[in-house]
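Below is one structure, written out as structure tokens; the observations come after it.
The values are calculated or read from the model by the stated rules, or taken from the named source; none is laboratory data. It should be emphasised that the depicted structure is a prediction, and the values quoted were computed from it without experimental measurement. Note that we place each Cβ from the backbone using ideal geometry, even for glycine, and neighbour counts take in every protein chain shown.
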Amino acid sequence: MHNSLSKIPLSALRTFEAAARHLSFTKAARELYLTQGAVSQQIKHLEERLGFKLFRRQVRKLELTHEGRGLATVVRNALYEIEQTVRQLQNQENEGALTVSVGSAFAMNWLIPRLGKFREQYPNIDVRIDAIDDALDLRAQPDIDMMIRFSRNNYPDLQVNELMREQVFVVCSPSLLDPRKPLREPSDLCQYTLLHNEVSEREPESAGDWNHWLQQLGQPVLPCFTRGVRFPRCDTLIQAALHGQGIALAWSTMVGNELSTGRLVKPFRGRFETANAFYVVSTPEVAQKPKTRKFREWLMAQARSGTAPTDSPSSEQRANVH
């Protein structure tokens with residue numbers, strides 16, 4: 001590229017395009033919020049760099065030269081292409097598809113039932129759920145904008161926001177409870193079949209097994225608490241509880257809807273928080289994108305609005321416990 005051309009500022013070409021379109025320095029100045037003198041000076045400097053005249057300055061009118069007409073068409077088209085490209089790139093940052101990696105159980109029980117609210121608020125952002133439970137390296141997966149994981153916050157060099165602490169408590173179907181087998185003390189659970197989550201038993205840090213629950217209550221581990229039916233996943237465990245097959249330990253994010261509808265009840269008031277929490281994680285660069293920020297803020301608002309179930313008198317009355 002000729003040295004003089006490489007130093008032509010984009011602002012000078014924009015000023016030329018406006019002046020060529022209006023055939024008036026005054027109207028171009030008004031459009032660009034400049035003075036008429038500033039427009040005239042920019043055109044003069046542009047002509048000096050190009051080496052040819054762009055306008056013929058008449059007493060009361062302005063005319064494009066042959067060279068000016070040719071350049072005006074090219075500049076107008078180029079500026080239009082630049083504007084369209086910038087707008088498309090901005091839309092990709094603000095709108096479009098947002099890919100979120102999230103554990104399958106959390107997606108099914110907490111996130112997906114709420115996504116309609118996000119869609120109503122931000123109809124131009126399309127959320128794509130990638131429901132996987134495996135560990136993920138976000139920097140090696142540039143197609144994923146965000147992940148939600150239940151962990152101890154082991155994400156150096158990433159932007160991490162704590163979404164919520166998980167709560168663990170006892171649940172069962174109200175149809176399972178027998179007035180002849182009241183549940184007043186933890187040991188009374190031995191009268192029923194206990195349901196076990198194998199994942200929680202294999203991963204002590206999850207703190208979602210019967211041993212942790214008894215420890216939190218200051219109770220010894222009784223032999224009956226090691227017996228019962230075992231399930232490989234939390235969602236299958238909850239399904240068994242819904243069908244009255246036994247009493248389970250549930251996580252708050254898994255059973256909020258079932259508790260609110262009365263399909264499950266809580267025989268005991270006691271509950272505890274796990275050491276782990278759900279975290280919203282993105283790379284610092286992606287975290288600043290408007291669409292990522294909007295979805296993150298929406299998630300946090302949903303968590304603050306009462307995601308964790310509360311001790312509902314109606315559910316306890318249905319359970320016939322104190």
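Please report, ordered by residue number, the helices (runs of 4 or more DSSP H) entirely within the stretch 1-62 with at least 1 residues that are within 22 Å of GLU83 (Cα to Cα), among the small types (Gly, Ala, Ser) and touching a residue at least 24 places away in the same chain (Cβ under 8 Å). Talk me through it step by step, then tell me what you get.
Details: elements: 3-6, 10-22, 25-32, 36-50.
Per the criteria, 10-22.
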How many residues of the stretch 34-68 are surrounded by fewer than 17 Cβ atoms within 10 Å (Cβ to Cβ) and closer than 14 Å to HIS22 by Cβ? The answer is 3
Kindly indicate the residue of the stretch 137-185 that is of a type in the set (S, T, N, Q) and over 22 Å from the mean Cα position of the chain (by Cα) and also nearest to ALA241 (Cα to Cα) among those meeting that condition. SER173
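Name the single residue, out of those in the stretch 257-271 being touching a strand residue (DSSP E or B) at 6+ places or on another chain (Cβ under 9 Å) and loosely packed, with under 15 Cβ neighbours inside 10 Å, that is modelled with the highest pLDDT.
Of the stretch 257-271, the ones touching a strand residue (DSSP E or B) at 6+ places or on another chain (Cβ under 9 Å) are 258-259, 264-271.
Right, trim to loosely packed, with under 15 Cβ neighbours inside 10 Å and you get 269-270.
Values: ARG269: 74, GLY270: 71.
So the residue we want is ARG269.
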Within the stretch 215-227, which residues are part of a helix (DSSP H, G or I) and either small (Gly, Ala, Ser) or at pLDDT 85 or above (or both)? PRO223, CYS224, PHE225, THR226
Whichever residue in the stretch 120-165 is modelled with pLDDT of 90 or more and more than 19 Å from ALA287 (Cα to Cα) and, among such residues, is surrounded by the most Cβ atoms within 10 Å (Cβ to Cβ): GLN121
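Yes/no matrix, rows are residues, columns are (1) among the β-branched types (Val, Ile, Thr); (2) farther than 21 Å from ASN161 by Cβ; (3) surrounded by 15 or more Cβ atoms within 10 Å (Cβ to Cβ):
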| position | (1), (2), (3) |
| --- | --- |
| LEU214 | no, yes, yes |
| PRO232 | no, yes, no |
| ALA241 | no, yes, yes |
| ALA277 | no, no, yes |
| VAL281 | yes, no, yes |
| VAL286 | yes, no, yes |
Filter result for PRO113 (of a type outside the set (Ser, Thr, Tyr), buried (at least 16 other Cβ atoms within 10 Å of the Cβ) and under 24 Å from CYS234 (Cα atoms)): no
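Here's a check for you: in the stretch 135-173, which residue that is among the β-branched types (Val, Ile, Thr) and touching a helix residue (DSSP H, G or I) at 6+ places or on another chain (Cβ under 9 Å) is farthest from THR193 (Cα to Cα)?
ILE144
Among the residues of the stretch 106-127, is there at least one that is part of a strand (DSSP E or B) and of a type in the set (S, T, N, Q)? Don't jump to the end; show me each part of the working.
Residues of the stretch 106-127 that are part of a strand (DSSP E or B), as a first pass: 125-127.
If we keep only those that are of a type in the set (S, T, N, Q) too, we end up with none.
Within the stretch 106-127 (the criterion being part of a strand (DSSP E or B) and of a type in the set (S, T, N, Q)), the answer is no, since none of the residues qualifies.
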